[in-house]
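This report concerns only the one structure given below.
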Amino acid sequence: MKSKIFFRIVVLALIAMHAWFGYVTFHYPYLGILLKQSSSGEWIVRQLETDSASLKLNVRPGDVVREIDGQAPDEHLTIRHWRILEQAEDIVLNRSGELIPIDTRNVSDGASTDISPVFGELLCLAFALLLYVKAGHSLSSRMFALVFLNIGFMFACLGASQRGDILGKIAISSLMIALPVIFLHFLIAFLEEKGEIRFEFIRSLLRYLYGFVAMSFLLRLPFYIPAVSNYLYASSIKWVIGFFLLGLSLNFVFLAYVYLKFRKQNSYLSVIIKTILWTLTISFFPFAFLSFVPQLLFGQDGVSSLYTSWFVLFFPISFTYLIMSKQLYDIDLVLRRIVFTTVISVIPSGAIVGLNAMVFQQAASLGHLLVSFIFILMLLSFVMYSLEYFATKLEAVMFPRKYQLQNALKKIAFNLQSISSFRELKEIILVDIVHTLQVFGAAIVFKYNDRLETVIEGELQQAEVERLASMDHPEHPSLLRFEVNRHEEYTSYLIISRKRMNTFLGMEEVHWLKLIISYLAVSLENMHLIGKLHVRLQRLASQLPNEDASKDFIWFRKLMFELQEAERKRIATDLHDTTLQDLFFLKKRFAAIAERGIFQAEDEETMRNIIDYVEIINTNLRQSCFELHPHLLYEVGLIRTIQKVVEHEAPLCPFQLNFSAKGAERIEGWDLDTKRHFFRVVQELLNNAKKHSQATRVGLKITAENENILLFYEDDGIGFNVLRASEAELEIGASGTGMEQMKSRVLYLDGQMNVRTGRGKGLQIWITVPIREVLTA
């Protein structure tokens, strides 16, 4: 908590300092008038600085300063502290006995003293913010951001320092001393992170270097005392320049040492170090040896630091390259986008500034136009960079249809991963397509060589849908057909009707639909492959031999049956806990409404019919749950459960159903798993009889013979060809039960199954299951 408060205080202080520096820089022109005091106490113009506003005023070396803003020169702040004339609006000079008034309000200095530093500052601060936000998870990235922040504030202080501001001079000299120390700290952290190297000695040296930086700041506080400020400043300049050059040399020595030591061990580090060495050389060599070294040796710059300081910007530019080439930190995409938007913004920014120059020819100076260009460029770059973000946030308002389609696409794509059967396509996919596109209906059709499988949602006729799917050249006045998959075994189609407004789909909606189809194609292909695999697994399970040599395959049958039972139990539980409960409460509400007596006789009869229909649905669902998960096996045993099923099915079947069990009490000694398998066999016999037999009489008989249980099934139906039935493929999406499923369960129980049938000859099946201790365990 304390660290957060301290951080906020520091940020607020930096913002306040920056505001003050900006006020001094842009409120006063850089006069650049250096003074000396004569023996008589008069202040005489000694020199006019390069790029200063004094070069445009009627000021000459040798002029005597008589008055500044209505006061004596000795009382002016910058003269008392630094022996320079700055921050003045009205000046009176004496030139050979003639008084010359000077007004500085409407004069402008060179761009290098106010506008250019602002550009450099904004560039460095932008880099600092980008590094801190996008890569601030590491110490080296935070130190690198601090390096840019240091350089940026040096540019911010430059204008105020030139204009004689005390805080500006303290800040820029302290930042000059801190820069090589912070950069050395960055190098240490970066090399330790990337090369997994520890530099304990250099780290211990850092503490002393930071201590010297803090001490040098404190020693500059006397700058506020006029009597000593000029002498302290003149002597401190050499200390600042000397320490800066020493710190810069220390960075070079450290980099050279690391390069020579690890150039053969780590090629990545050696490349980075060489790049940094060249960057430092190009950035700081002109600044150090053309300005600072002459200043240190001869008391004046060889080349003005106003010009050589611009080489420092090669430093962020070169590191921009390193970041964009993915050699430093993972923010290359962000940086590329910033550079791209900035380049695009140059032309419109120049056009706007050019238009301003034409409209305001008299009032617009070059400096004003340059400032306008920089800020317009920054504004346009920011707007273009942020456009995608704001467009995404406001997409629901700006592009509601696109937003709706994208959300529907995400939902459908997510739901597709949970589809495991053909019938789920309606509830999970087609409902969303119909709702999103606002069409009358949609359908998915599987077209095989000999049949069609169709799921439909909405107001579509199945016959029309299947007729369109069967056409070689589809043409329909109100339906559109999209091919999803084309396979040697099948072709799948998505068929869409017109929109409810009786218009066809728009281009954006068709494009969205094609994206859905691309996702759907994968899911349908997977469903087809899963179905084929399921059929083959069933065949394999039924065809495995039932001998001692096949015991290694028992786990396979067991796994398949366990998976089936687990899924059936899950479905039964879901139906019981959700749909059956909802139907129960629905029936209670209808009954409560009917008891109020608020309906006429005809309406009361309709309400009673609705209640009865809900009860029928409830009963059918309960029977379905029982078939999925026969809980009576646990409560009343196998024989009694089969009798319950026969009693329920007998009135509903189109044939006479008979069941008998003699001497089969020993069957109740089986474990629940074995009873469940035997019950599933009986269940499948009844299901097949209802679906396929076309019989008038069906009989089931269970008897005990020696050490076996015999299940005998007989009907007088149409029968079937055993050979063709064994070769037939099960339908994709069917339950997977059948003769092969029964045979597989019988083999799992170590039993035998014999079939006698023929086309038009009815069906007889003998199933013999041994009574063994292993089954009763």
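The values are calculated or read from the model by the stated rules, or taken from the named source; none is laboratory data. Note that the structure is predicted; figures quoted are calculated from it, not measured. Here the Cβ positions follow ideal geometry from the backbone for every residue, glycine too, while neighbour counts run over all protein chains shown.
Which residue pairs have Cβ atoms under 9 Å apart, sit 6 or more places apart or on different chains, and have a first residue in region 748-767 that is buried (at least 18 other Cβ atoms within 10 Å of the Cβ) and a second that is of a type in the set (Asp, Glu)?
Leu763/Glu714; Leu763/Asp715; Leu763/Asp716; Ile765/Glu714
Does region 63-74 include one or more residues that are closer than 29 Å to Lys194 by Cα, surrounded by fewer than 19 Cβ atoms within 10 Å (Cβ to Cβ) and among the basic types (Lys, Arg)?
Within region 63-74 (the criterion being closer than 29 Å to Lys194 by Cα, surrounded by fewer than 19 Cβ atoms within 10 Å (Cβ to Cβ) and among the basic types (Lys, Arg)), the answer is no, since none of the residues qualifies.
Go through region 648-667 and give me each residue that's surrounded by fewer than 16 Cβ atoms within 10 Å (Cβ to Cβ) and more than 59 Å from the chain's Cα centre (by Cα).
Ala650, Pro651, Pro654, Gln656, Asn658, Ser660, Lys662, Gly663, Glu665, Arg666
Could you count how many residues in region 77-95 are over 12 Å from Val45 (Cα atoms) and either without any contact (Cβ under 8 Å) to a residue 12 or more places away in the chain or under 60 Å from the mean Cα position of the chain (by Cα) (or both)?
Matching residues across region 77-95 total 8.
Could you say whether any residue in region 483-494 is loosely packed, with under 15 Cβ neighbours inside 10 Å, in contact with a strand residue (DSSP E or B) (Cβ under 8 Å, 6 or more places away or on another chain) and among the aromatic types (Phe, Trp, Tyr)?
no
Could you tell me how many of the residues in region 432-470 are of a type in the set (Val, Ile, Thr) and out of contact with any Leu (no Cβ under 9 Å at 6 or more places or on another chain)?
Final tally of qualifying residues: 2.
Taking helices (runs of 4 or more DSSP H) that do not extend beyond region 363-463, which have at least 3 residues that are at pLDDT below 80 and out of contact with any helix residue (DSSP H, G or I) (no Cβ under 8 Å at 6 or more places or on another chain)?
The qualifying helices (runs of 4 or more DSSP H) are 366-393, 400-416.
Being at negative phi and either in contact (Cβ under 8 Å) with a residue 24 or more places away in the chain or over 30 Å from the mean Cα position of the chain (by Cα) (or both) narrows it down to one residue among Gly159, Gly164; which is it?
Selected residue: Gly159, the only one of Gly159, Gly164 that is at negative phi and either in contact (Cβ under 8 Å) with a residue 24 or more places away in the chain or over 30 Å from the mean Cα position of the chain (by Cα) (or both).
Of a type in the set (S, T, N, Q) and assigned by TED's automatic domain parsing to the domain that holds Lys169: does that describe Ser54?
No: the conditions fail for Ser54.
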